[in-house]
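First the structure, in the form of structure tokens, and then the observations on it.
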Amino acid sequence: MASAAASEEAVKAAKVLMVGAGGIGCELLKTLALSGFSDIHIIDLDTIEVSNLNRQFLFRKTHVGQSKAHVARDAILKFRPNINIKSYHANVKDSEFNVDFFKQFNVVMNGLDNLDARRHVNRLCLAAEVPLVESGTTGFLGQVTVHVKGKTECYECQAKPVPKSYPVCTITSTPSKFVHCIVWAKDLLFAKLFGDKNQDNDLNVHSKDGSSSNSDVFKRDADEDLDQYARRIYDHVFGYNIEVALENEETWKNRKRPTPIYSREALPEEALKQNGTSGDCTKEHEEPSAMASLGLTNPQEIWTLADNSRVFVEAFKLFFQKREKEVGNLIFDKDDQLAVEFVSTAANIRAYSFGIPLHSLFEAKGVAGNIVHAVATTNAIIAGLIVIEAIKVLRGDYKNYRMTFCLEHPTRKMLLMPVDPFEPNKSCYVCSETPLLLDVNTKETKLREVIDKIIKSKLGMNLPLVMIGSTLVFEDGDGLEEDEAANYALNLDKVLAELPAPVINGTKLTVEDFQQELSCSINIKHREEFDEEKEPEGMVLSGWSAPVEKQVNSNGANKSAASSSSAHDSVEDISSKPGMKRKLDEISETKENCGASTSAQVVEDDDDLTMLDEDPKLKKKRSL
């Protein structure tokens, strides 16, 4: 009874922060309110979309377009009117949410959907010395972990899965999986036709016979109607470009040769005439849809080449007929029906050309939109586990902290697998300040490349400051004087060896992010040559936990190279065995270089799950 009373008092007195009001966040806010928490703050940048309504139960159709944080707050206050809930419709990375802001809370709970924001919150919690309860779900799988500075590992102590990357040559010339076709259709074709015209793009823009008066075949001729324009683009990307690729005989010695596809074959005049128009089946107040215009109703049906071609052409035309003002500024959005139709059918036509199995619109949308279909029950279970761990944190019950994994299949009749938290990683650059090593060609690499590809992308810093000895060579952020900003901008385009304080072999860089209150050192090792395929960035960062690539199968589900059909049956609860608490230095880390310049993210970042091998002697962690 005394223990229960202590827990109740700790809960009532606590001031807690929730980051994220989506799938996990809705369940978490409800559970916190019903568990007696009376001072809750919520941060979420997103607005409510129709696709959220099947699992984010605090929202209704009338809420679409409104702030998730504000609507969630109002929904809870209807049945818990006497508690304090403060909502922020904002980005947790905004400057107002600094270390001092985080210090006011007793515990922070994450319900985020991306790696970047999670790393940012982890660093602020470390700087503020506030415990963090982290979580994630993917379908039936889920996890909850506790991170307390100096007692357990931080969120970044271990490698996190990152989206699978693909070399540009694979995407543009030799696709072998459906996901390659999706990346081509989304990141190249859609971006070229409807996105920023000034953005670099690897598509061939030169026509076969100069039939277009433009040097760029993707530009519409002044006297060209939409049908002609659509067919010309179709013939160029699915016909002529394939013929150009076939000219390189060496490429196809050990590969199946693709088949060029032209509109006159895949889409005869009669079929094109059957195509609807924007006014046929699409009402003015409704979102334009090529499916609706053509009378197609089943997104789970695998369409023929002819049907894919018809939808492709119709979607193409609808963009110019109904959304012409947006053309030139569009970015692919999984909730944009017309964009999904265009990308899915373009990917299927390309897949047909390369002998890759076709996919339904529903399946293709899952791949293109990075969708792993959520399960509301998993979110509810994980939310309950978050609250349990938060209560332990508030009571200071360190010995009973647990990382808990929610499994899809029972292991020894258990669906929830608790294990002891791992100890801090002594080589973690975030919580232990261990120096990093960067192999780089100091005579050719510019400072801009190091900042963009290493400091911001790999190390996750938002507003970095770079020092060489006592010389400040770069600083990012507001409040800089004009002459300072101009000097730093000049430094960005200088090669490392030509900076005011030259960077050569053995130089030590000090990199800081004042917003995150994070500082780390990078030792430079000059290197002349790099493997273009394995080290495409021309730089190699070591001395940290390199990301583990998420493997992707053709239907968009994540699949680890280490996993198998019996993966869940091999999980063993070692936390309950005497002397079996796992130490971090007993864990072998997986290090993999991701080589590419085109990326496809086919699963959400909140799907970072860690499982334990059955044999404790192996002392390995495995990523699902």
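The values are calculated or read from the model by the stated rules, or taken from the named source; none is laboratory data. Small disclaimer: the values here were computed from a predicted structure and weren't measured. Quick reminder, even Gly has a Cβ in these numbers, built from the backbone with ideal geometry, and neighbours come from all protein chains shown. Please note that ligands, DNA and RNA were not included when accessible areas were found on the heavy atoms of the full protein model with its side chains. Shrake-Rupley method; radii C 1.70, N 1.55, O 1.52, S 1.80 Å.
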Q.
Just to verify a number: what accessible area does ARG73 come out at with the full protein assembly present, 1.4 Å probe, Å² rounded to tens?
A. 80 Å²
Q: Give, as a single signed number, the net charge of other residues whose beta carbon lies under 11 Å from the beta carbon of ASN91, with Lys and Arg counted +1 and Asp and Glu -1.
A: -4
Q: Please sort by residue number the GluC sites (Glu not before Pro) in segment 107-186 whose DSSP state is loop and whose Cβ has at most 15 other Cβ atoms within 10 Å.
A: GLU129
Q) In debye, nearest 20: dipole of segment 420-490 around its Cα centre with unit charges on the Cβ of K, R (+) and D, E (-)? A) 420 debye
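Once the other residues with Cβ under 11 Å from the Cβ of LEU518 are scored (Lys, Arg +1; Asp, Glu -1), what is the net sum?
Values: positive: ARG119, ARG123; negative: GLU156, GLU433, GLU512, ASP513, GLU517.
Combined, the nearby Lys, Arg, Asp and Glu give -3.
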**Q.** Within segment 376-417, trypsin sites (Lys or Arg not before Pro) in DSSP loop having at most 15 other beta-carbon neighbours inside 10 Å
**A.** ARG412, LYS413
Q: Could you calculate the contour length gain from LYS325 to LYS508, that is, 0.36 nm times the residue separation minus the distance between their Cα atoms, to one decimal place in nm?
A: 60.9 nm
Q: May I ask what percent, to the nearest 5, of DSSP beta bridges between residues of segment 46-166 are antiparallel?
A: 80 percent
Q: Averaging sequence separations of C-alpha pairs under 8 Å and six or more residues apart, then dividing by the length of segment 1-59, give the relative contact order as a whole percent.
A: 40 percent
Q.
Using each residue's phi in segment 167-182, evaluate 6.51 cos²θ - 1.76 cosθ + 1.60 at θ = phi - 60° and report the 3J(HN,Hα) Karplus result to the nearest Hz, with x for Gly and Pro.
A. x, 4, 4, 5, 5, 7, 10, 10, x, 10, 10, 4, 4, 4, 5, 5
Q) Along segment 312-329, what does the Karplus equation 6.51 cos²θ - 1.76 cosθ + 1.60 (θ = phi - 60°) give for ³J(HN,Hα), rounded to whole Hz, x for Gly and Pro? A) 4, 5, 5, 4, 4, 5, 5, 4, 7, 7, 10, 9, 4, 5, 7, 4, x, 10
Q. Can you give the accessible area per residue of segment 435-542, in Å², using a 1.4 Å probe?
A. 51 Å²
(Q) If you count only protein heavy atoms with a 1.4 Å probe, what accessible area per residue comes out for segment 302-405, rounded to a whole Å²? (A) 35 Å²
Q) Counting alpha carbon pairs within less than 8 Å and at least 6 residues apart, what relative contact order, in whole percent, applies to segment 435-542? A) 41 percent
Q: Over 22 Å between C-alpha atoms is what I'm after, so list which of LYS177/LYS365; LYS253/LYS365; LYS86/LYS456; LYS453/LYS494; LYS197/LYS443 land there.
A: LYS253/LYS365; LYS86/LYS456; LYS197/LYS443
(Q) Test of the criteria: in segment 117-179, which trypsin sites (Lys or Arg not before Pro) are in a DSSP loop and have at most 15 other Cβ atoms within 10 angstrom of their Cβ? (A) LYS151
Q: Any chance you could look up the accessible area of TRP252 with a 1.4 Å probe, heavy atoms only, rounded to 10 Å²?
A: 20 Å²
Q | In Hz, Karplus ³J(HN,Hα) per residue of segment 415-426 (6.51, -1.76, 1.60; θ = phi - 60°; x = Gly, Pro) | A | 9, 10, 10, x, 9, 5, x, 7, 7, x, 7, 5
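Under the classification rounded if a/c is under 1.5, otherwise prolate if a/b is larger than b/c and oblate if not, where does segment 7-101 fall, given a ≥ b ≥ c as square roots of the Cα gyration tensor eigenvalues?
Because a/c hits 1.5 or more and a/b fails to exceed b/c, segment 7-101 counts as oblate.
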**Q.** Quotient of C-alpha Rg and 2.2 N^0.38 Å, computed over segment 61-187
**A.** 1.40
(Q) Please list, ordered by chain and number, the residues whose modelled amide H lies under 5 Å from the amide H of VAL503; skip anything fewer than 5 residues away on the same chain. (A) ALA497, GLU498
